[in-house]
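One structure is given below, encoded as structure tokens.
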Amino acid sequence: MDSQPDLVARIERMQRDVFRTKCIAVVIFLCLAAGIIATWERHPRTAEANEFLLKDRAGNVVARLGPDGFGDTCLILNAKQNVSVASLCVQNGEGAILDLHNLKSESRATLTPGFNLYEPMSHLQSGLVITEHGQVIGPEAIKMPD
């Protein structure tokens, strides 16, 4: 049989091992909690801003989401050097417009259920217009008021 001093030494060693295990568990828990909090702060569920800009690696704006000068809300996508542009704009109660155009070849497709233009003060009726080099080649449903 083990003597009493041997048993006391074993019990003390076991108590030290249990204490070390508890300390390691607390440190691991604190590290996990810190990691969760750091990740939570880096990836918010909602991002708020007045305008969102997406830039390419050269610093050129390739997409913009936000209000335009007349209070419309627009999503505008640009290709390199603004050669091709796609824009989707909505107005408060007045309408919306999807405009796809290529500035290099002057081709354009416009789709709208109705949209107010601010210069000159006019309104696009519902329809689809496709143009190439300034000539209408698609349905001529959008009429500009004189």
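Overview of results
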read-out	value
FRET E, pair VAL62, LEU103, Förster distance 22 Å, beta-carbon r, rounded to 0.05	0.90
Extension gain (nm, one decimal) between THR39 and ASP6, 0.36 nm per residue minus Cα-Cα	6.9 nm
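Each reported figure results from applying straightforward, stated rules to the coordinates on display, with no laboratory input. What you see is a predicted model, and the numbers here were worked out from it, not measured in a lab. Cβ sites come from the backbone with ideal geometry, for glycine too, and all protein chains shown count toward neighbours.
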